[in-house]
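K.L.:
Pasting in a structure now, in structure tokens, and then I'll have a few things to ask.
The values are calculated or read from the model by the stated rules, or taken from the named source; none is laboratory data. Quick caveat: nothing in here was measured; it's all calculated off a predicted structure. With ideal geometry, Cβ positions are generated from the backbone for all residues, glycine too; neighbour counts draw on all protein chains shown.
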Amino acid sequence: MEKLALLYEGKAKKVYKTDNQDLLWVEYKDDATAFNGAKKGTIVGKGVLNNLISAHFFELLAENGVPNHFVKLINERGQLVKSLEIIPVEVIVRNLAAGSMAKRLGLEEGMDLGGPVVDYCYKSDELGDPLINDDHIRALKLATPEQLKTIREMALKVNAVLSKYLAEKNIILVDYKLEFGFHKGEILLGDEISPDTCRFWDSETRQKLDKDRFRRDLGDVEEAYKEVYRRLTGKEVTF
Ligand code: 5GP
């Protein structure tokens with residue numbers, strides 16, 4: 001597989017064309033941003049860890065009936081994915097109150113929501129990814145009600161599979177963000193699933209093992225990402 005022209009560079013990843021028009025080469029970067037790009041930094045080794053962690057989750061989800069864009073790992077920073085026409089909606093699933101939900105509704109972080117809460121945000125850097133609802137998604141023609149039903153079911157299936165799997169690794173899946181897109185008419189889960197896009201807490205201590213360590217200047221950011229990788233795979237990374 002050949003890496004051809006750079007198609008797109010985002011905050012955390014570069015996407016290249018390949019010699020197969022249905023497939024893209026995604027390279028994960030060490031750059032870290034938060035608060036819509038207002039806070040910038042580097043997390044050494046993050047690109048490698050997020051590439052390997054995402055690949056691990058995508059394989060697990062495919063085995064459990066959640067169709068997704070992952071094809072194979074290329075190297076420690078890169079993976080081959082199916083090209084998607086991305087639906088500009090961030091699908092956020094929450095099990096415990098945290099982050100923007102805790103702030104917006106005045107809830108204590110860690111409050112059990114008694115079942116998953118699904119939020120949708122309009123993917124727009126200029127607008128700051130505003131919260132939207134099913135009707136907005138229909139009105140803005142981002143997805144049809146039928147497509148949104150499929151997306152919601154897939155997002156909840158991800159929750160069931162990952163929450164159970166992570167619990168066995170002593171990790172609470174607090175919340176996460178997913179993106180979906182079309183590939184040859186089929187809706188597939190895309191983007192990444194990593195400590196950049198999820199909140200992971202240690203089951204016993206509730207220690208944060210995710211990007212909140214960077215967002216909130218809690219320190220030991222690299223160590224937290226390595227710990228997630230270690231718990232998922234039983235392996236060490238050597239950097
Ligand atoms: P919150 O709404 O609390 O900011 O985020 C909820 C969850 O979705 C968190 O796990 C967070 O990491 C993820 N999330 C929401 N929006 C984004 C985003 O624009 N980028 C990334 N990397 N994660 C996001």
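K.L.:
From the set of residues in segment 30-43 that are in contact (Cβ under 8 Å) with a residue 24 or more places away in the chain and surrounded by 17 or more Cβ atoms within 10 Å (Cβ to Cβ), which is nearest to the ligand (Cβ to nearest atom)?
P.N.:
From segment 30-43, those in contact (Cβ under 8 Å) with a residue 24 or more places away in the chain are 32, 34-37, 39, 41, 43; that's our starting set.
Remaining after also requiring surrounded by 17 or more Cβ atoms within 10 Å (Cβ to Cβ): 32, 43.
Details: A32: 9, I43: 12 Å.
Taking the candidates together, the pick is A32.
K.L.:
Hey, another quick one. In segment 123-137, which residues are of a type in the set (A, V, I, L, M, F, W, C) and either touching a Leu at 6+ places or on another chain (Cβ under 9 Å) or within 18 Å of V93 (Cβ to Cβ) (or both)?
P.N.:
Initial filter on segment 123-137 (of a type in the set (A, V, I, L, M, F, W, C)): 127, 131-132, 137.
L131, I132, I137, listed by residue number.
K.L.:
Can you run down the residue pairs with Cβ atoms below 7 Å, 6 or more apart or on separate chains, where the first is in segment 106-127 and under 15 Å from I151 (Cα atoms) and the partner is more than 11 Å from the ligand (Cβ to nearest atom) and in a loop (DSSP other than H, G, I, E, B)?
P.N.:
Listed by first residue and then by second, the contacts come to Y120/N133; C121/P130; Y122/P88; Y122/P130.
K.L.:
OK, next. Across segment 209-239, what is the total count of residues that are among the charged types (D, E, K, R), surrounded by fewer than 22 Cβ atoms within 10 Å (Cβ to Cβ) and touching a residue at least 60 places away in the same chain (Cβ under 8 Å)? Break it down into steps so the answer makes sense when it comes.
P.N.:
We begin by selecting, within segment 209-239, every residue among the charged types (D, E, K, R); these are 210-213, 215-217, 220, 222-223, 226-227, 230-231, 235-236.
Remaining after also requiring surrounded by fewer than 22 Cβ atoms within 10 Å (Cβ to Cβ): 212-213, 215-217, 220, 222-223, 226-227, 230-231, 235-236.
Pick out the ones that are also touching a residue at least 60 places away in the same chain (Cβ under 8 Å) and you get 212, 215, 222, 226, 231.
Count: 5.
K.L.:
Report every pair of residues separated by at least 6 positions or lying on different chains whose Cβ atoms are under 7 Å apart, first residue within segment 134-148 and closer than 10 Å to Y122 by Cα, second of a type in the set (S, T, Y) and crowded, with 17+ Cβ neighbours inside 10 Å.
P.N.:
Close Cβ pairs satisfying both conditions: I137/Y120.
K.L.:
Is it the case, given these coordinates, that N36 is part of a helix (DSSP H, G or I) and either touching a Cys at 6+ places or on another chain (Cβ under 9 Å) or within 16 Å of D196 (Cβ to Cβ) (or both)? Quick ask: steps written out before the conclusion?
P.N.:
Values: part of a helix (DSSP H, G or I): no; either touching a Cys at 6+ places or on another chain (Cβ under 9 Å) or within 16 Å of D196 (Cβ to Cβ) (or both): yes.
So N36 does not fit the description; no.
K.L.:
So, one more: Which residue is nearest to the chain's Cα centre (by Cα), if the candidates are limited to segment 45-97 and must be of a type in the set (S, T, N, Q) and surrounded by fewer than 22 Cβ atoms within 10 Å (Cβ to Cβ)? Outline the logic, then answer.
P.N.:
Taking segment 45-97 and keeping what is of a type in the set (S, T, N, Q), we get 50-51, 54, 64, 68, 75, 79, 83, 95.
Pick out the ones that are also surrounded by fewer than 22 Cβ atoms within 10 Å (Cβ to Cβ) and you get 64, 75, 83, 95.
Numbers: N64: 17, N75: 20, S83: 17, N95: 15 Å.
Ranking the candidates gives N95 first.
K.L.:
Among the residues of segment 183-198, how many are closer than 30 Å to T144 by Cβ and either within 17 Å of the chain's Cα centre (by Cα) or surrounded by 21 or more Cβ atoms within 10 Å (Cβ to Cβ) (or both)?
P.N.:
Taking segment 183-198 first, the residues closer than 30 Å to T144 by Cβ are 183-194, 196-198.
From what is left, the residues that are either within 17 Å of the chain's Cα centre (by Cα) or surrounded by 21 or more Cβ atoms within 10 Å (Cβ to Cβ) (or both) are 187-194, 196-198.
Adding up the residues that qualify gives 11.
K.L.:
Then there is this: Regarding segment 213-221, can at least one residue be identified that is within 15 Å of the ligand (Cβ to nearest atom), under 21 Å from E109 (Cβ atoms) and part of a loop (DSSP other than H, G, I, E, B)?
P.N.:
Taking segment 213-221 first, the residues within 15 Å of the ligand (Cβ to nearest atom) are 213-216, 218, 221.
When the remaining residues are screened for being under 21 Å from E109 (Cβ atoms), the result is 213-216, 218, 221.
Of the ones still in play, those that are also part of a loop (DSSP other than H, G, I, E, B) are 216, 218.
Yes, segment 213-221 contains at least one residue that is within 15 Å of the ligand (Cβ to nearest atom), under 21 Å from E109 (Cβ atoms) and part of a loop (DSSP other than H, G, I, E, B).
K.L.:
Within the group D119, D202, D125, which residue is modelled with pLDDT under 95 and either surrounded by 21 or more Cβ atoms within 10 Å (Cβ to Cβ) or closer than 25 Å to T33 by Cα (or both)?
P.N.:
Details: D119 fails: modelled with pLDDT under 95; D202 fails: modelled with pLDDT under 95.
When all the criteria are applied, what remains is D125.
K.L.:
Confirm whether P88 is over 22 Å from L209 (Cβ atoms), without any contact (Cβ under 8 Å) to a residue 24 or more places away in the chain and within 13 Å of the ligand (Cβ to nearest atom). First the steps, then the outcome.
P.N.:
Details: over 22 Å from L209 (Cβ atoms): yes; without any contact (Cβ under 8 Å) to a residue 24 or more places away in the chain: no; within 13 Å of the ligand (Cβ to nearest atom): yes.
It is false that P88 is over 22 Å from L209 (Cβ atoms), without any contact (Cβ under 8 Å) to a residue 24 or more places away in the chain and within 13 Å of the ligand (Cβ to nearest atom).
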